[in-house]
Each structure stands twice: as C-alpha cells, then as structure tokens.
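Worksheet: one structure, shown below.
Just so you know, all these numbers are worked out from the coordinates, no wet-lab data involved. Note that the structure is a prediction, hence the values are computed from the model and not measured. So basically every Cβ, Gly included, is an ideal-geometry build from the backbone, and we count neighbours across all protein chains shown.
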Amino acid sequence: MAPIAAVAAPKRRKNMLSDGQGTLAAILLSPTMLVILVVVGIPIIMSVREAFFAIPSGVDANGRVFTEEQFVGFANFTDIFASTDMVNAVWGPMNRLVNSFLNTTFFTVVCVIIETILGVAMALIMARAFKGRGLVRASILVPWAIPTIVSAMMWKLIFDSAGVMNKILGQTVLWLGDGPQSQWAVIIADVWKTAPFIGLLTLAGLQTIPSDVYEAAKVDGANAWQQFTRITLPMVKPALVVAVLFRTLDTLRMFDLPFGMIGPSKYSVETMSMFSYQEARNLRYGPAAAYAIILFLYLVLIAFLFVSLLGADVVGDEELKAVSAQRKRAKAAAKAAGHSSTPTRTTITSGESPT
Amino acid sequence: MSHARTARRVLAAALSVSALVALAACSSGATPSASTSGSASTSTDWTTKGPINYVQGKDTSGYVQKIIDKWNAANADQKVTLIELSDNADQQRQSMINNAQTKGGSNYDVLSVDVVWTAEFAANSMLAELPKDQLNLDGYLPAAVDASTYFGKLYAMPSTSDGALLYYRKDLLDAAGITNPPTTWEEMVTDCKAVQEKNSGIGCYGGQFQKYEGLTCNIAEWINSAGGQFLDASGKPQVNNEAAMAGVNALVGYFKDGTILKEELTWQEEQSRQAFQDGKIVFLRNWPYVYSLASKTDGSSKVAGKFAIAPIPGLTGPGVSTLGGHNMGISEFSKNKGTALEFIKWWNSEENQKANLIQTSNAPTVVSLYSDPELTKKFPYLTTLYSSIEKAQARPKVVKYGDATLAIQDAAYAAITYGATGQGTDPKAAFDALQTKLTTLIG
Amino acid sequence: MTSATATAPKKQARVSAAELAVLNKPTRDWKWWLGKIGTVAGMGFIVVYCILPFYWMVISAFRLPTMGQSTDFWPNPASLENFQAVFSPVNNFGRSLLNSAIVSISTTVLTLLFGIIAAYALARLRFWAKGLVLSIIIGCSMFPGITLLVPLLKMFSGYYDWFPNWMNTYQALIVPSLSFGLPLCVWNLTAFFRQLPVELEQAAMVDGCTPGQAFRIIILPLAAPGVFTTAILTFIAVWNEFLIAYTFNQDKDMKTATVAMAQFTGSLGFNTPYGSIMAAGVLLTIPLLIMVLFFQRRIVAGLTAGGVK
C-alpha cells in the first residue's frame, strides 16, 4: 500500500482548475443533491418501510376502521402468490399484480420492437430524402410534442365505438372496452407517439456515418441489405441502444396513456404503475409501496441487462471510463507485481485523458 | 489519510440514513388514530359558531356561490366560504380523505358527499354523527335518508337525489300502434320488434355497460328489477340467488340476441345519449340530465320532440332504479359545528332545494317538491322521476366501497362480455364469485 | 440532380458533353426509380402517420360543441364555440394555463440554476466519489414515478408532523418535477462543458480572472446553446406532466392545464364535452409545437447529446 501511495503522490501537482476543490464541488452540488434527497431519497426510504406495514382490514363494533399500521414483514410481497383473489383479463385468471406485470412486459416488448423497427425505417427514409426533409422532420416532432394525456384523450375520441377508427375500418371494434383489442389501442397510440422519436435519434446517428464507407462497400460489391446490416446498424447501434433503453424504461413506467384513454381498473391494460396507484387510492399504502418497489427492481434489472448485454453507454462519461480503465491497469500491474492493491487515487481531469 | 477520510464520510452517510429511517419509524407511531370511537357523538359540541368552509365538487352552474352569498348576507358573523374541488368524483373523494389526514390542519367543515361515500367517510371518522333530534327529516326521501346513515347513526343530510328514467321514441312506438311504454323487459323487446319491422337497423335498448361506476348502477337495477335484492334487509349481499340471476341472465340474454348492441360494452352516459339522439336506438336508460339535451333543436339531437319518458321496466312490472345524489355531512374536525349544522339545515330546506332544482336541475330530496305545479311544468320529467326515485335502491353501503364496486363491475362485465362475444365468464360463475367477495367485503 | 435531368436532352447535340453527362449521371434503371418512389411514398406515409391523428383533434375542436363525436372528415358547420367554452369561467382553463406556466417556468429556471453549477462541478472539478454522484443523479431519472409518488403524497398531505402540508401548492409540483428535470440537465450540460477546452478558462485565469469569473465570462456564454436546449426540454417535460399534478393539486384553482383538460365536464356533470377537451388539447399543444418547430435542430441535438457523439 505504502509504495503505491508513494508512487501516486508525486503525480499530483498543483492545478488551480482541478485541484483541491472538493469543498467547492460540495457547495455546487448541494442544491441538486438536496432536491434529490427530499424527493427521491426520503420517499424511497419511506417506501421501503411502508412496504412492510399494513392496516388491518375490517371495522370495530362502532363501524369504525382501524388506522394503526402494523408491521407485517414480507406479507405484502408474499400475498401476491398466496392470494386467491384472481382477475381474469387477457392472460387467464391470476393475481392482479402478476397480471399487471404481464401487461407491463407485453406492452414494453411489443411497443419497443415496433417502435424500433418503424423508427429505423423512418430514419432510413429521411436519410435518403433531400427535398422536403425539413417538412418530414417537422411533422415527426408533432406526436412527440403533444402531451401524453392530450394524446390519450385524442385517441379516446378516435377509438370510440362510434368513432372515426371504426368508421374507417367499417367494423365495430370495442377498443375502449376491456380485452386484447384495448391492449392494441394502447400500443397503437404509444407507437404513434414514440416511433418518430426513435426515428429522429437514429437519423442523427445515421448522419455521422461518412458516405465514403458506403462507397467503399459498393466497390466491394455489397448489396443494400449487406450495407444495412454490416455498416448502418453497427454504426447507429450506440445511439439506438441508448434510445431503446430509455424507451424501454419509459414504457415499463407507463401510466398516463392507458389511464387517460382506457381508464383505471381495466385489467387488460393495467400496468404496474396503474395498479400501485389504484392501491394507494384505496388507502392500502403498504401493498402500493411493495408493488412500486417490485416495479423499481424490475426496471433496475432491465437497465442492468441493457448495459451489460448490449453495452448501452448511459453515463457517456469519458473521464469515468478512463478512471476505471486506469484502475484496471493498476490492479493488473499490482497483480503482476505480486501484491494486492487498493484503487489508487486518480489524477485524471478532463482535458488530460490518459491515452 | 485518504482512507480515514473516506471511512468518516461513509460513517456519516450511514448515520444520517439511519436517522432518517428512525424518523420515519417514529412518525408512524403518531399516525392519526381514527377512533375517538363512538364517543364522538356524545362529546360533539353543537353550539360553537363562527366562519366555516363548505367543500364540494366544481360549481359548474355558478349558482352555489349565489346561495352562499345569500347565507352570508344574513349571517355576517358566520360566513361560509366555498371550496371547489375537482369536477372528477374520484378526486373529490381523494381530496376529502387527504384533508382529513392532515392533523389539526383540516379546514373542511361541511362536505358534499356522494351517497356511496357516506359509509367510508363515517367509518374513517371523517364525518361527525349528526344529532337526529335537531334535524327533522320527515318529508325527505326515505332511501336518501337511509343512504345517509351508517350503523344506525345519521352522518349526513340528503341534499340532492337522482334516479334512472327510460327514454323512448314515442314517434316510433306510435307509428307501430303501441300506445303505452313498456313496463317489462319482455314488452320492451316486443315493442322493439314492432318498431324494427318498419325501421330496420335500429337498435333496441341502450344502457351504460362500460366498466365503470355506471355499470354498478345498471347491474344493480337489473337485479333489483327482477325481484332480487342486491342487498337483503339485513344488508347481506344476495347477488347469486335465483331472483338475482333471473335479472343477470335476462341482461346477458339480451346481449346475446342483439337486443342490446355489442358496442354498448363501451358505453357510458354520453355514448348512450349520443346513440339515442342520433336515432340509433329505441329505448335508453339514463339519468334526467339527458332530457334537456335530447330536446335541443339546434340540430344536435335528431329526436327532439319525438321522445317521452317512463319508469324503467322490470321482469314482471316496473323496475327499480339505483339511487344517486349527494348528501351533506359535517367534518369531525370542524371547529364551528354549530354553524355547520345550521348551514346544512338551511341549505336543504324545501325552499332552497326548489331554487336549486330550478337553477341546476339537481333533483331534490324533499318529497313534496316532486308534485309542485310550478316545477312539474318546468321539468316535465319530474313526476316520472319521482316514481323512479320513490322506489330506488341504494348501492351497497360498504366501507371499502371502491373494492366493492370494482368487484361488482368485474362480475357484471365478465357476464355481459360472455353474452355479447362468448368470451368472459359464465354469468353464474361470475356472480357466485361476486357473492363470495362481497360477503367478505361487507363482512 | 434534378436540373441535370432536365438539361441533359438539350445538350445532346454536343457529343462530348452528352457522353460526359451520361458518364456523370447515376444509373437510373428501374431500381433507382423504385428507390425514389419508395422514398417519396415513405416520406408521404411518415407525414400522414404523424399528422393525421393530430388533424382529427384539430377538426374535432372546430366542430359545434354538441357535435363533438361526429365522424365527418370536415367540421360542418365550423365553429369556434368550443374555444369559447374552454375559456368560460366554469372551466377555469385560463387559470390552469397560468398554473402550468408558473410551474413549468419555475421548474425550468431552478433546474438550470442547480443543474449548471452541478454540471460544472462534475465536468471541471476533481473530488471524491464523482462517479457515485453522477450515477445517483442519472439513476434518479430511472425511478418509476409511482415509487416516489405514494410516499410523497403522504408527506405532502400533512400526514407527518415534520413536513408541512403542501397539497394544492406550486412547490408540490415544482420540487418533484425537479427530480426528473435535473438528471437530464446535469447529464446534458456535463457533456457540454466537457467539450469546451479547459485551456479557455486557464487563459482567462492567467489574465487575472477567478475561477468563478472565468466560468461566468468564458464558459457560460459558450455553453449557451446547450443550456438553451436543456431549458426547452425541461420546459416541455414539465408542461406535459400529468401524474404529479393530478395527485397533488386537485383544487379548481390549482390544477395545471393537463389535468384540467382531462377532466372537463359539462354543466350537467355527466356530459363529456369532447369538443372543448380537444380545443383545450390544441391550445395546450400549440405553444409546444411552435417551440419545437422553431428550435427543432437544437432539440434533436439535445436529445442525441448522450447517445451520439
């Protein structure tokens, strides 16, 4: 340990811009961290606590309810599997939370896949267009700019049983009822709003590809599909993966759209956010908190999978990458030198990244 | 050196986190304990006077403030301030509950409570028990008074009421040679067939069968109108016995044979009104508000002047409507309960209810107003409405009304979906499950 | 390219030029035309796909109030009554718009204020646990709103002694909104500040500026486009917010426009005035559309800042 510290110490030099400014950093960061503590930190702690409490049901002899919360351990979580209280929507009879979990997952998988394919297709078309690209780009921002709740009300009018969608189709589809067709109503509305958004991000990625790469591929006799899979996709992947990750997390949290368009307590479109909210409205704060935590863990898992499997670079921070790379090197060096090491303090600042 | 500093910071962070947890844990012990149980009524002081706040949903007519101004002119030392909540019923309920949770900070004195919330609010000790001896409720609709009581105690004063009406196309029935509106479902279907012979493509009956509170009202009417009792005299649910299932099966059967259109699975009040106004159906079950809108002659209603109203039909005779409306209760936390009590007495007097009906079309709870000649002239549906409200049945009085109504909607929606599309659940199975669930909920 | 097509036949007289033109001209076989037609058709499809539902909202707003659910493809007769109804005292929509503006602008200003200094610290200063701080801030944007909402509802509704009753106040919307505005802001601006060479500040400090002055005089003006983009994105996000506003501000006078518009009822309580709802939706969307169309390049740049570099 001592030798490494000794090695590290001389590397530090006085630098007005980047040295010894921990206090200043603390001051500058404190408003942000304070906000995060109040609206994220404290609620999370309370949420975790709440998840282990519940109010006993039933009334006393005067018809008054109990209001004292009791510690119930993991009951709010285990009740999900023990409960005999089933709902029967699209997936067959099952617990309401499991049902909402399946809905959430179904919406996420279907919406994100359709959005990605449609979005990439839109981007490819826009990349080819020279005339009128401004118009397309402007119109593509329209769905994105409309508030979700407004678009929910708009689609509600369109999907009415006597509405224009059924008029065009010439059929009476009960979009706003409670069944598989309601799920597709939600998917259509969600894809409408967000596919252009993915298209826009992908287009930005496409435009960073130098055209001579394609020229070279053409010379080598690559056909259009090969160009797409061997050049275009790999080159837009970093942009696309981050866009898809954010869309995935957003869809997992979906609330406004099914709530405004189809309505609360419709099991075929009830997402985990909606169910948790509904439980809180019925004054069952304990289960509501438990379900919200399950959703949160699910989100963390998905984000983790994205980062580790697809290599989504969410933080996008060169400096941190450099730091961790240096740590790895130091560790490897230490290992090679035959003694264990602790991470060294780094001296890297922006503007002087190690090569 | 650096490690020591790191360790110190980690320790500090850990300590502050645990302090927060401890804080959260402490505060839970101080949760407002509901129950000043039962003793509330005996200790309530009904003499304190002073300014109060009256809380209700959005004043869409703009008339409520005018009545309050009238009170304030006469009671300068006991001024009433109107607090308008959302126009969304669920949000009104939520605001009232949140306000009651505010320890000592509650500023709601008089609450306008939907008939189905009374039990929940009373059980959560949000409403003060009212002194029956100071309120003369003779002459008020018995069903509305009953909806204001919980565990035999009075918690609110009925202020408005509502009941279902059957709107029908008088022109089409006349043309088919039918002089009287149907009183039974069977007659209604026969009438429809006669009308449909001349007007092919017209639907028969419209109701509210989307999965929402309106479905609870509708299914309760089908059960009660078949001689069943949604809740029996002792308050126990009876939703799967023979009589109740006769109503449910009739409804499911009408979905199956197309008497009720498939798309009615997504209808609320507005969609059904729209269909009736567009001339798409012969009969419509709806609330009194439709009357003025369907009578509009600006081109929005194709049936203006062509329809009439009747009590809703039943299995063997006139049906039983579901009771709607609002009651006025006094918050347990009100500091000026004396003023609050005087205010609700004054507000719900016969004279004020009459003025209220004229201004806002809200149906009164004072029986005599339904035969008031001036009113029946202005509101031609009033006599029919009375025959509907007179026999109307309240929805279940359940503390967890949100759970109860959702269970009812689950069963009803599954059953009618089964009738309309073949999916969903067999009606008997659905209502057996409902019976079990309601029994636990009502307890 | 199109001009070349038009002029090519005229030049046929001069042989060498014609040959040149043929050589220069990209091959225009059936494949090329297919691609061209496909592109135009695709663009047409995109425009129709994006605009058509919005078109439906706009024409529904211009119908007569009593014809809200009409399925005619053109309002007949056209009418402005819905827009008048939106601003009738009963609907209180003007107040709701004002509330939305207050909340959105305050949140945007606070986000920028807090976000800029935090981003500067993260981009320029060296301190302990920087990676952790950055992860926490970005992690905040991943929280499902619902996880925070239930405890916040208890907190804000005066359930606990240690927190004031915040129901129906502006801060009840502003403070939680900061938690999703800040991560975006800090993330975008950190990336932006890092792109600016540190030598600029060093030069300023050689000239006698303090680090604070160097930041204010040199860095901030250079970062203005990034700050501006962040401001637009934050404003849009808060303007469009529904769940927080729906939960905390329910009183008639404290609702934001998104909540108010979703809850319009007619004077009779039951009727759903689709016409006014759509009119309100149009009014809510138009400021955003103008903003988005006007600043579209900036917005796209801002949105892609993290992913594409």
Compute the long axis of helix B:401-421 from its Cα atoms, compare it with the longest principal axis of the Cα atoms of chain B, and write down the angle in degrees, 0 to 90, nearest 10.
30
Over the alpha carbons of the range A:217-311, what is the largest minus smallest coordinate on each principal axis, giving the biggest first in Å?
68, 29, 16
Just the number, please: Stokes-Einstein D of the range B:113-173 in µm²/s, Kirkwood Rh from C-alpha pairs, 20 °C, 1.002 mPa s.
160
Let's test this: bin the Cα-Cα distances of the range B:182-247 at 10 Å from zero up to the farthest pair and state each bin's percent.
20, 37, 30, 11, 2
So for the range B:221-347, what are the equivalent ellipsoid semi-axes in whole Å, largest first, each being the square root of 5 times an eigenvalue of the Cα gyration tensor?
33, 26, 12
Most exposed to least, judged by fewest other Cβ atoms within 10 Å, A:192, A:184 sort to A:184, A:192
With no solvent and one equal point scatterer placed on each C-alpha of the range B:290-384, evaluate the Debye formula and give log10 I(q)/I(0) for q = 0.14, 0.20 Å⁻¹, two decimals.
-0.73, -1.10
Computed over the range B:41-93, Cα set: Rg, Dmax in Å
13.7, 38
Rule-of-thumb check for the range C:174-265: C-alpha Rg over 2.2 N^0.38 Å?
1.56
Tell me which aspartates and glutamates have Cα within less than 18 Å of residue B:296's Cα, excluding those fewer than 8 residues away on the same chain?
B:171, B:269, B:270, B:278, C:81
Looking at the square roots a ≥ b ≥ c of the eigenvalues of the Cα gyration tensor of chain C, which shape do they give, rounded for a/c under 1.5, prolate if a/b is larger than b/c, or oblate?
oblate
Partner shielding of B:91-101, taken as the mean number of other chain Cβ atoms within 10 Å, equals 5
Quick check on my link table: of B:132/B:391; B:354/B:397; A:237/C:154; B:153/B:377, which ones sit more than 31 Å apart, alpha carbon to alpha carbon?
A:237/C:154; B:153/B:377
Set of lysines with alpha-carbon distance to residue C:36 below 21 Å, sequence-local pairs under 8 removed:
A:131, A:218, C:25
With each pseudo-label sitting 7 Å past Cα toward Cβ, what's the residue C:200-residue B:81 distance in nm, one decimal?
5.2
When each of B:345/B:378; B:335/B:378; B:193/B:306; A:156/B:262 is checked by Cα-Cα distance, pairs over 30 Å:
B:335/B:378
Roughly how crowded by other chains is peptide A:278-288, in terms of the mean Cβ count from those chains within 10 Å of each of its Cβ atoms?
4
What percentage of all Cα-Cα pairs in the range B:236-302 are separated by more than 14 Å?
67
GNM top mover of C:175, C:40, C:86 - chain C, alpha-carbon springs below 10 Å:
C:40
Of every Cα-Cα pair in the protein assembly as shown, the percent that sits beyond 56 Å
23
What translational diffusion coefficient, in µm²/s and rounded to a whole number, does the Stokes-Einstein relation yield for chain B at 37 °C and a viscosity of 0.692 mPa s, taking the hydrodynamic radius as the Kirkwood radius over Cα pairs?
137
Expressed in µm² per second, the diffusion coefficient of the range A:72-126 from the Stokes-Einstein equation, with Rh the Kirkwood radius over alpha carbon pairs, at 37 °C and 0.692 mPa s, is 241
Zone reached by a paramagnetic label modelled 7 Å from residue C:41 Cα along Cα→Cβ, restricted to the range A:118-145 with backbone N below 20 Å, covers A:118-133, A:136
If a/c stays under 1.5 just call it rounded; otherwise compare a/b with b/c (prolate if a/b is bigger, oblate if not). Do that for chain A, with a ≥ b ≥ c from the square roots of the Cα gyration tensor eigenvalues.
oblate
